[in-house]
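In what follows, a single structure is set out as structure tokens and then discussed.
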Amino acid sequence: MVVIISTNNAVRLTFLVSLLRDGGFQPALYDNNMAAVEGSIGAVMRRIAVPAHQADAARQYLREAGEL
């Protein structure tokens, strides 16, 4: 798995995961539980990762959508 984006914006994370799934990618959300435990201070970034063979295409897909 390769991390393609990190953010603390929960709405954006949900949107990006949905966008990637709609594009045929297999995104995974990392650190979601840790970020919830630490509260609202924003110390732990949530990360979206995709399988290594999809990373370049996923980044390009997000770029074309204006999200990267």
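The values are calculated or read from the model by the stated rules, or taken from the named source; none is laboratory data. Quick caveat, the model's predicted, so the values are computed rather than measured. All Cβ positions, even for glycine, are placed from backbone atoms using ideal geometry, and neighbour counts span all protein chains on display.
Let's see how each residue does on (1) under 19 Å from GLU64 (Cβ atoms); (2) at pLDDT below 95; (3) assigned to a loop (DSSP other than H, G, I, E, B); (4) of a type in the set (Asp, Glu):
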| residue | (1), (2), (3), (4) |
| --- | --- |
| VAL3 | no, no, no, no |
| SER6 | no, yes, no, no |
| PHE15 | yes, no, no, no |
| LEU20 | yes, no, no, no |
| PHE25 | yes, no, yes, no |
| ASN33 | no, yes, no, no |
| ALA36 | no, yes, no, no |
| GLY42 | no, yes, yes, no |
| ALA49 | no, no, no, no |
Across (1) modelled with pLDDT of 95 or more; (2) in contact with a helix residue (DSSP H, G or I) (Cβ under 6 Å, 6 or more places away or on another chain), ARG63 clears everything bar (2)
Checked against (1) small (Gly, Ala, Ser); (2) in a helix (DSSP H, G or I); (3) modelled with pLDDT under 90, ALA57 satisfies every condition except (3)
